[in-house]
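Step one of this worksheet: look at the structure below.
The values are calculated or read from the model by the stated rules, or taken from the named source; none is laboratory data. Quick caveat, the model's predicted, so the values are computed rather than measured. Methodologically, a virtual Cβ is constructed for each residue, glycine included, from the backbone with ideal geometry; neighbour enumeration extends over all protein chains shown.
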Amino acid sequence: MKKTNHDNILGLFKNVQMQGAQKTAPRGVYEYTLSDTVCSATQQMSVFQQSPRKHLIIPIFIMNSGCPHRCIFCNQKITAGNFPPQITRDFFDAEVKSYLDRKKNHYSNVEIAFYGGSFTGIDNTYQENLLSWAKSYVEAGLVHSIRISTRPDYITKDSITFLKKYNVSTVELGAQSFNDEALRFAQRGHDGAATVAAMKTLKEQGFSTGLHLMAGLPQDTPDGFMNSVNKAIELMPDTVRLHPVIVLDGTALAEEFRRGNYKPLELAEAIDLCRKAREKLTEAGIRVIRIGLQGTDAMEKEGAILAGPFHPAFGSLVLSALFYNSTIKLLTGIPHNAKELRFNVSGQDISNFRGMANMNIAAIKKLYPQANLIVESIAGIERGEISVAVDSGKSFTLAVLGII
Ligand code: SF4
């Protein structure tokens, strides 16, 4: 069968998977080597000012509090980091202050977020404690707002009243999928209709909303996942988080995996699915605020991650795939015997444009074997823009959606 551009890049991702598997690689640190055989680049890294980041979320993980049972993929001890089973006022204050002391001045919007459980399912006294502690920081002018995450079936009239009383502004729903069979197998205890109903209520009540979706659930398919993305778009949440399923120790999914009943996505498949999902969501005007699990110390421990498309820089790999895909669109119609392709991208996009270990550059080189590939960052190019000049002549520009 004829190899497509996509096979080209997916093959390269397999090599990245090998690199990610090296236990000795420090988290998030990778060497980018520039091979002359691949690209003779003049990398005019323009002086760009690191702009202050706009939004800081201070996460407080409530460690499965409020969950009626454990979903098959969930192990908060591995994914949440070092949080106690019950949050005390002292712990809460220390955690919030540690973020504020270090980072407050860099952000124009600071939020306290309760994650890692079903917030609206926890008992009222604990819920009230947590929210009143958070609200005291809002009232002191140190934090701007409060957000929580919860299950779709735990959005009720009473929970809405409670959240409003404490000025919670954003509710993220762990939808995970709209495929009811996948939700049943994952022991979620709710169906896709529950997410539709909860989103409608939250929007009517004026909350900012977020949805979490998972790629690679048992009983789901790539088409099923993309169908869930389409359903999410119909609901128009403000934000989406995308997570490929990882097999974590101590979960029911780990048992299914050991019995041979579950085959996780390959890294390349997960990157490709999340890239497609991100493209669709961004085109629809929905911000994708996270792709892949946040790394924790517990994930580094031997045996914590049994299988699945985990990579400490998964989000960057998806962005690189997005840049590659956009570059291929930009190159449509440009003859494959071109002698020079001179790319211009923002200094902040250079690493995503090149891809990890220059794999995007290598893939372009395969398509344009005679071309000298030059990658520059010339003042005036905007973030998310890719421009190419062909054989020192005509140039073309394309914007990668959602890069700011
Ligand atoms: S509802 Fe969320 S936090 Fe609770 S067990 Fe399921 S995935 Fe984990």
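Some observations on this one:
- Cβ-Cβ under 8 Å pairs, at least 6 apart or on other chains, the stretch 187-212 side on the phi > 0 side of the Ramachandran plot and β-branched (V, I, T), far side assigned to a helix (DSSP H, G or I) and surrounded by fewer than 20 Cβ atoms within 10 Å (Cβ to Cβ): none
- The conditions of being in contact (Cβ under 8 Å) with a residue 60 or more places away in the chain and more than 21 Å from the chain's Cα centre (by Cα) are met by I328.
- Test: Y107 is buried (at least 16 other Cβ atoms within 10 Å of the Cβ), within 17 Å of L142 (Cβ to Cβ), modelled with pLDDT of 60 or more and not polar (S, T, N, Q): yes
- Of the helices (runs of 4 or more DSSP H) contained entirely in the stretch 66-182, those carrying at least 1 residues that are touching a Phe, Trp or Tyr at 6+ places or on another chain (Cβ under 7 Å), touching a residue at least 24 places away in the same chain (Cβ under 8 Å) and within 16 Å of the ligand (Cβ to nearest atom) fall at 76-79, 124-139.
- Matching residues, the stretch 97-140, being among the hydrophobic types (A, V, I, L, M, F, W, C) and under 25 Å from C74 (Cα atoms): I112, A113, F114, F119, I122, L130, L131
- Output for the stretch 204-234, where each listed residue is in contact with a strand residue (DSSP E or B) (Cβ under 7 Å, 6 or more places away or on another chain) and within 28 Å of V168 (Cα to Cα): F207, S208, T209, G210, L211, H212, L213, M214, S228, V229, A232
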